[in-house]
Amino acid sequence: MTEDPLAGPSIGAVHKPAREPVQEPELERLAAVAGAASAEAAVVAGPDVAGPGQDLTAGAFFDVDNTMMMGASIFHFARGLVARKYVSGAQLAGFAWKQLKFRVGGREDKAGIDSSRDQLLSFVAGRTVEELSAVSEEIYDELMADKIWPGTRALAQKHIDAGQRVWLVTATPVELASIIARRLGLTGALGTVAESVDGVYTGRLVGGLMHGPAKVHAVRALAAREGLDLRRCTAYSDSENDVPMLTAVGTPVAVNPDAGLRRIARAKGWEIEDFRTGRKVARIGVPSVLGAGAVISAVAAGLARSRR
């Protein structure tokens, strides 16, 4: 599950003042900054894999939400933060509701993106990088480790066995994304980078969220730094929103695809992998909505417990 649609600039598009398009030049600039920052973080975090048997010009990129992991990683993370009283239930409920509206509507304007970004940052502003990393380790063990799709994990392992490097690509904070990658034995992760000074988060992002055009910028920046030939790379995602990232590589694969991506994958002859047993095509996309609803329910339950 990706977090925002990705679309290139349209020629002759009609300007609607009440709903600014997400592909505005400033958002594109921020996406480029975010992508470069994420690629730099991935290079720093990634292990040295050079050696016999390594295929250093080919690699794989995996979306996380509903592709590598069941549900949304940021919601699992947020549940853990609520349990630890890092954020209030009201804050998280508002964030979850906006994400629910996005998942149902499929689009989000600039104001919505800015609001989600500000709420996400409010969770970590003033906290230390060391603290968030330690909490992320705990939350992964508690709420995420058993949510990994075995089938997708096996796909990643095939690339590793072939001597290729494997990265996650997600809007989840890069610290959490890197932990997920490390626990799965992957090379690293491209995630949202929050600015920090002297090890303390400032409450600002480096560029913007790792969604939409930022994903493509990140993949291309990482490929340039690591000497990858994108024509020899593979990308995996569940969402139509990631079609530009999928088309940036030589081998795109739809995993647990939503209705839009399934339609595109069939039309283009892309490989489709679906690990959701017993799920009918008509219900594709529902888990994302249910995931947001589950978070809101979890918040309500947490508030009830705190009142008691």
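The values are calculated or read from the model by the stated rules, or taken from the named source; none is laboratory data. All values reported here derive from a predicted model rather than from experimental measurement. Here Cβ is always computed from backbone atoms with ideal geometry, including for glycine, and neighbour counts include all displayed protein chains.
At-a-glance table
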item	result
Scope the stretch 190-206; condition assigned to a strand (DSSP E or B) and not acidic (Asp, Glu); matching residues	Leu190, Gly191, Thr192, Ala194, Ser196, Val197, Val200, Tyr201, Thr202, Gly203, Arg204, Leu205
Single residue of Glu175, Glu195, Glu142, Glu226 found to be over 20 Å from Ala125 (Cα atoms), modelled with pLDDT under 95 and of a type in the set (Asp, Glu)	Glu226
Failed criterion for Gly94 (all others in (1) at pLDDT 65 or above; (2) loosely packed, with under 14 Cβ neighbours inside 10 Å; (3) closer than 30 Å to Ala259 by Cβ hold)	(2)
Any hit, the stretch 106-117, residues being at pLDDT below 60, surrounded by 21 or more Cβ atoms within 10 Å (Cβ to Cβ) and acidic (Asp, Glu)	yes
Cβ pairs under 7 Å, 6+ apart, first in the stretch 194-215 and closer than 19 Å to Ser133 by Cβ and among the hydrophobic types (A, V, I, L, M, F, W, C), second in a loop (DSSP other than H, G, I, E, B) and modelled with pLDDT of 85 or more	Val200/Gly126; Leu205/Val193; Val206/Val193
Residues (among the hydrophobic types (A, V, I, L, M, F, W, C) and under 14 Å from Ala32 (Cβ atoms)) located in the stretch 195-212	Leu205, Val206, Leu209, Met210
Per-region count, the stretch 124-172, residues within 29 Å of Ala31 (Cβ to Cβ), surrounded by fewer than 14 Cβ atoms within 10 Å (Cβ to Cβ) and without any contact (Cβ under 8 Å) to a residue 12 or more places away in the chain	0
Enumeration of residues in the stretch 231-257 that are within 15 Å of Thr152 (Cβ to Cβ) and part of a loop (DSSP other than H, G, I, E, B)	Asp238, Ser239, Asn256, Pro257
Some residue of the stretch 3-24 being at pLDDT 50 or above, of a type in the set (A, V, I, L, M) and either surrounded by 13 or more Cβ atoms within 10 Å (Cβ to Cβ) or within 15 Å of Leu168 (Cβ to Cβ) (or both)	no
Search result, residues across the stretch 34-90 that are among the aliphatic types (A, V, I, L, M), over 24 Å from Val206 (Cβ atoms), part of a helix (DSSP H, G or I) and modelled with pLDDT of 80 or more	Val82, Ala83
Selected residue (criterion: nearest to Thr57 (Cα to Cα)) from residues of the stretch 236-248 that are in contact (Cβ under 8 Å) with a residue 12 or more places away in the chain and surrounded by fewer than 24 Cβ atoms within 10 Å (Cβ to Cβ)	Ala248
Of all residues in the stretch 210-227 being aliphatic (A, V, I, L, M) and surrounded by fewer than 24 Cβ atoms within 10 Å (Cβ to Cβ), the one that is farthest from Pro173 (Cα to Cα)	Ala224
Yes/no for Ala177 being under 29 Å from Asp55 (Cα atoms) and not polar (S, T, N, Q)	yes
Subset of the stretch 179-212 (residues that are among the acidic types (Asp, Glu) and at positive phi)	Asp198
